[in-house]
Amino acid sequence: MSTVLQRLPPGARVAVIRLRSLGDCVLTTPAISLLKQFRPDLQIAVVVEDAFAAVFSGNPDIDRTLAPKASVVSRFRPHLALNLHGGSTSVWLTFMVPTGLRAGFEHFRFTPIYNIRIPRAQTILKIERTVHTAEHLASAMFFLGVPRCEIPRAVLYANPKPRPRPYAVLHPMASAPDKTWTFSNFLAVAEHIQRNLGLEPVFIAGRGESLVAFDRYTCVSGAPLEELKSWLAGAALFVGNDSGPAHMAAAFGLPVVVLFGASDPAIWHPWRTPSAVMTSHNGINSIQVAQVVEALEKLTLQHSTAQLPQPQ
């Protein structure tokens, strides 16, 4: 019995509907890489909101990004629309491919619109543990016909930010208070990074987020995503809360220390990069500075010769 990918003609157009958000977009790149490696002839477009389109810029596996508008998706005329988002907007965009194949996970809402229904990742991967987001998304490719293989690291493409000396990026923000380590703790870690690792601390934040508490250091607030990619591409180390920039740092292969609060590390831990995951049953602010410093020291010891300068 032929697979979905075997049924697609040479040079077929595939619309991968992702829309948002930052971490999810980054963790979609391993799945797209698997698809392109198996069928390099495919024309792959990612349907994504403008705020996150830069995640996919420069990626040789992706031929174009499309705005999440029904008219735009229709003009692309995909042979296969693959919905990896699942929300109501993505359902409507998938529905706008009336003559092609429409694939989505069977646990999504409005399942009747899909003529290809993808089982849960555990069924595809033949496991019963909690799966990482990268595994969940990649499992769709295996179901469509990509032979089972190791799921690669996420990838981003950018020119490194030129700086007079090596630097570490710290991201002290998160989407909710219970995912946010205190600013005073981040300042203590920044001091350790500067004094003991010989790295310049660089703090980053999104639009509308204030970094005034960290103004003794270099601060980058509200920069376009393309610029943020460059900062991370040139960094030697990343420390931050569980959030999109942590996944970006992992995609560049940085050593990463991530502090987790309410979200599940099994689903969202840094994917395929040297990392330390910091958690506490009593909440994120029960994680001690000393624990993070110890994790940094271990990562530094493991990767100093290849990626980090020796302490001065």
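A short reminder: the numbers here are calculations on the coordinates, not readings from a lab. Every value quoted in this text rests on a predicted model; they were computed, and no experiment measured them. Here Cβ is always computed from backbone atoms with ideal geometry, including for glycine, and neighbour counts include all displayed protein chains.
Of note:
- Cα gyration tensor shape for the stretch 167-303, rounded if a/c is under 1.5, else prolate or oblate: rounded
- With both labels modelled 7 Å from their Cα along Cα-to-Cβ, the SER175 to ARG129 distance reads 2.4 nm.
- Fraction of beta bridges assigned by DSSP in the chain that are antiparallel (%, nearest 5): 0
- The chain: C-alpha gyration tensor shape, a/c 1.5 cut-off, then a/b vs b/c: prolate
- Cβ-derived FRET efficiency at R0 25 Å, GLN122 paired with MET1, nearest 0.05: 0.65
- Cross-link partners for LYS161 among the lysines, with Cα-Cα distance under 25 Å and sequence neighbours closer than 8 places in the same chain left out: LYS229.
- A quarter of the convex hull surface defined by the alpha-carbon atoms of the stretch 120-176 gives 7.1 nm² as the mean projection.
- Shape call, the stretch 4-144: gyration tensor on alpha carbons, a/c limit 1.5: rounded
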